[in-house]
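Input: a single structure, listed below in structure tokens.
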There are 2 protein chains.
Amino acid sequence: MPLLLPLRRIPSFAKPGQSFLSRFTTPPRPYVPRRSFYGYICDTKMAPQLEPFFKQVDDSSETFIDRLRKAVAIPSISAQDENRKDVVRMAQFLTDELKALGAEVEQRPLGKQPGKEHLELPPVVVARYGNDPNKRTILVYGHYDVQPALKEDGWATEPFELTIDEKGRMYGRGSTDDKGPVLGWLNVIEAHKKAGVEFPVNLLCCFEGMEEYGSEGLDDFIHAESKKFFKDADAVCISDNYWLGTEKPCLTYGLRGCNYYSISVSGPAQDLHSGVFGGSAHEPMTDLVHVMSKLVDSQGNILIPGLMDLVEPVTEEEKSLYGNISYTMENLHESLGAETGIHPNKERTLMARWRFPSLSIHGIEGAFSAPGAKTVIPAKVIGKFSIRTVPNMESPDVNKLVFDYVKAEFAKLNSKNTLDVSLQHDGKWWVASPKHWNFSAASKAAKQVFGVEPDMTREGGSIPVTLTFEQATGKNVLLLPMGSSTDAAHSANEKLDRRNYIEGTKLLGAYLHYVAEEPATA
Amino acid sequence: MPLLLPLRRIPSFAKPGQSFLSRFTTPPRPYVPRRSFYGYICDTKMAPQLEPFFKQVDDSSETFIDRLRKAVAIPSISAQDENRKDVVRMAQFLTDELKALGAEVEQRPLGKQPGKEHLELPPVVVARYGNDPNKRTILVYGHYDVQPALKEDGWATEPFELTIDEKGRMYGRGSTDDKGPVLGWLNVIEAHKKAGVEFPVNLLCCFEGMEEYGSEGLDDFIHAESKKFFKDADAVCISDNYWLGTEKPCLTYGLRGCNYYSISVSGPAQDLHSGVFGGSAHEPMTDLVHVMSKLVDSQGNILIPGLMDLVEPVTEEEKSLYGNISYTMENLHESLGAETGIHPNKERTLMARWRFPSLSIHGIEGAFSAPGAKTVIPAKVIGKFSIRTVPNMESPDVNKLVFDYVKAEFAKLNSKNTLDVSLQHDGKWWVASPKHWNFSAASKAAKQVFGVEPDMTREGGSIPVTLTFEQATGKNVLLLPMGSSTDAAHSANEKLDRRNYIEGTKLLGAYLHYVAEEPATA
């Protein structure tokens, strides 16, 4: 864990004003050896015996790829009504596979789809594999639905036929997002059974079928089951994000939150002709553009007074974490497809992405947005922007600063139009303790499988289910990605590299073994 | 002509720096009495004998309304392919009616529709009524196509069934725009024939069928025919705009031009996720909003340096023209549906609309424009704005000021994104001489029919064919509206008041009689 330095031992519960890393220190607690399936562990902890499992994964790799091929062939597109039957078919496929592996499996209905009451939501597939009170219980999450895909969107191959090229790139919708990782857990069970290796933990699975369409109904389900099906979980592992690059594995311990705002400016009762009214009436679009120009500057500095004061200060210790991360400015330029990065080096770039807030203006509803020319004065325009939030920005504080500032800037315009500013939705940031045994187990597993210390990363975006699991179970949540940065999730030519799938299966299995070994932390 | 004061006699050809009204003065030229059908006019000009014509219009009013009913029943929607046959049917209806009245009529093909080569453009219906070299020849323009209309758009009646309510409001698509005015000219011919009154001028008609869809092909046609079918025209009259209010007729002598611009800002190669890239890359939308906020302030002041220096200064004489115009702030508020006018009084409001430039921001292409929330960073955004131009703003001068300023403002942002600014299209402003006999004839006719001096108005918008006729024929062009400000052209429940149609027919006829009488001017 080279990225997390020994620190003074204070309680890890985060408080406003607390230094960044102090939240991750371990409180003093007695070390209690616990029984693993290898026997009682002693102070000199042994590496788990993973060779037979690893060999079996290699031996079964074609079987595992075939499992992925079958899964990709089911177009379980949650956003398209006509594919709902395929989403349900995919749930059944997972159920059958898990049952065949000896797991207890249930399909849990979520009821009708809100707003589309003719459609049943696809079920959550929950499963339990193992029920030994002397083993830790790990709850894993993934999703079996996929984004839409059409060959004509730019796919070089049929999107629902897994196609493997000479470099081992396995193309197909859902290959990396998220069927590969979901099947990784099934592969781990199968390899243990075939190799005759005892499964190191009790495994709980929560596989949903609506992730690409807003995870309808899932939050309530997780909260309800946290004291039922999920009650034994000692920690949570989610494999639904990506490595920072293509070579080095990573563990993800933080996500930014997102507060999404609308600024509505209205004036005339209907759209006006700019020839007739231009110059004689206050134009909502003019006012909106003026107000939006006061939100953020071209260097990404948020101009809302007081907002940056909410942000946890960067310490020298924290800064030192970024130097070792496997990332370069060339990586940024490659992903941008342009050299339009704001910051001069990787450290500032990654901090801007992970641990500082940002403000993006997304667009305007109600204005002319088509190609060509239209001489309209729109009667009502709604500007959309969002702020990515980080510790310790609490949503009500952010909202107050935004609302007060936007209204004050509009008042300066002396316009007779009417402005309204509102929050469309918010999602809180999340930062986990990477000193928890859940992370140290995953770190050791990554080193064992890939031979390198994994990068400890955060993500600039949000994965709302992460926070839901943390809040509902009260347990540590780890994001343990399988795919790489070039996998093109949500795009044409989505793929998962054979290496990431097969070594990733080893990673997930090894993680469970190290989980069984790690001493308790927070 | 109380609105046009006697001025020093200098040539009327407009030159930069020339005072506003001087363009309308008449150069000294010998007065040559010309033969009217009443005989040679003498210095004491007689009012034409209009009573028999007026009486006949009243007697034939039901016939004329029936003519409008038949025309409205033909859904000649030029924008919809499936209605092209109806547009052609409407051309045939006009042709048959004109022939029955004794006119020489031709349907002139315009070829295939550009971009829709499976469609023939509807023909231009040209007609000549009368061929007396001793009479003036007036070229009149109108259009026989209409905007789309569906009952469910909010129509209280069937849009293609002329429906007359108890207040004499005649509802139907095309009633006021522009079938009523076009049929007005036919009614004038019919009333003269029935009343046995000699037709006072030679009439040339140019009725097109694509006005609501960009007048495809018309400009070339007008230029080509200006030395052929239209070569005898002494002046042009267009009836395709509206009174400023509902009670008082007006003559329109000016239109603003329009320069339409795009500002394109691009950065990354594809749209980005704001969670992943927010804060680390220059965002095109941020830059665009900043640049657009520098174009115009909320009070309508254009912020582009030097632009207002191109505008012809307002003289005290010109200011005095606005006081008598029948318009109130309540009229403005009614048409806005809100009290969001910028200026405190009608004079400044009308000047802002007619004789000062304005800048409107219409919208942004490429940004998120739908309802809801999407956390995209658009890769390329194109802001659209236009400047309504007035004398003496020449398009190349305006373009240079715009381009230089936009680029300079963008440079201040120090963004690594790329900006491009370009002109999408321009259309020149137009100001005619309202002291020309074409206008004085119309003014006398309006006073004769409605009992009041007409308002001398300009329009804030553009009617491109106006300038085309002026440039192609070199003759004075008059806009002589029939409908009123409440007619809802282009909207649901379009109507033409019975009074405006019947008295408007008298106006058009009386105008031709006064045309025959007026001494030559410019």
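The values are calculated or read from the model by the stated rules, or taken from the named source; none is laboratory data. These numbers come from a predicted model, not from an experiment. Cβ coordinates were reconstructed from backbone atoms using ideal geometry, including for glycine residues, and neighbour counts include every protein chain displayed. What goes into the accessible areas is simple: the full protein's heavy atoms, side chains included, and nothing from ligands, DNA or RNA. Shrake-Rupley method; radii C 1.70, N 1.55, O 1.52, S 1.80 Å.
Below, the figures for the structure above:
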item: Distance (nanometres) between label positions extended 7 Å along Cα→Cβ at A:THR315 and B:LYS99; result: 9.5
item: Anisotropy class of segment A:248-382 from Cα gyration tensor, a/c 1.5 cut; result: prolate
item: Added length on full extension, which subtracts the Cα-Cα distance from 0.36 nm per residue, B:ASN301 to B:ARG89; result: 71.5 nm
item: In degrees, nearest ten, helix A:437-450 long axis to first principal axis of chain A (Cα); result: 80
item: Within segment A:343-360: backbone nitrogen closer than 17 Å to the A:GLU247 label point (7 Å, Cα to C-beta); result: A:346
item: Chains A and B together, accessible area buried on both sides, 1.4 angstrom probe, square angstrom; result: 5700
item: Per residue accessible area in Å² of segment A:338-488, where ligands, DNA and RNA are left out and the probe is 1.4 Å; result: 33
item: Unit charges on C-beta of K, R, D, E only; dipole of chain B, Debye; result: 1260
item: Ranking by accessible area, most exposed first, for B:ARG498, A:ARG256 with a 1.4 Å probe; result: B:ARG498, A:ARG256
item: A:PHE356 accessible area, assembled protein chains, probe 1.4 Å, Å²; result: 60
item: Shielding of A:332-338 by partner chains, average beta-carbon count, 10 Å; result: 6
item: Percentage relative contact order, chain B, counting C-alpha pairs under 8 Å, at least six apart; result: 24
item: B:ASP220 paired with B:GLU339, simple spin-label distance in nm, labels 7 Å along Cα-to-beta-carbon; result: 5.4
item: Surrounding net charge for B:GLU62, when Lys and Arg each add one and Asp and Glu each subtract one, Cβ distance under 11 Å; result: 0
item: Check: the protein assembly as shown dipole with +1 on Lys, Arg Cβ and -1 on Asp, Glu Cβ, in debye; result: 1440
item: Estimated FRET transfer efficiency when R0 is 30 angstrom, pair B:LYS193-B:LYS231 (beta carbons, to 0.05); result: 0.70
item: Two-site label geometry, A:GLU62 and B:ASP271: point separation in nm, points 7 Å out along Cα→Cβ; result: 4.3
item: Links that overshoot a 27 Å alpha carbon limit, given the list A:LYS85/A:LYS384; B:LYS112/B:LYS475; B:LYS380/B:LYS400; B:LYS99/B:LYS428; B:LYS248/B:LYS435; A:LYS407/B:LYS319; result: A:LYS85/A:LYS384; B:LYS112/B:LYS475; B:LYS99/B:LYS428; A:LYS407/B:LYS319
item: Neighbour cut-off at most 14 other Cβ (10 Å), DSSP loop, GluC sites (Glu not before Pro), segment A:88-186; result: A:GLU161, A:GLU166
item: Under 14 Å, Cβ to Cβ, from B:GLY509 - net charge with Lys/Arg +1 and Asp/Glu -1; result: -2
item: Solvent-accessible surface ranking, highest first, for B:HIS425, A:HIS282 at 1.4 angstrom; result: B:HIS425, A:HIS282
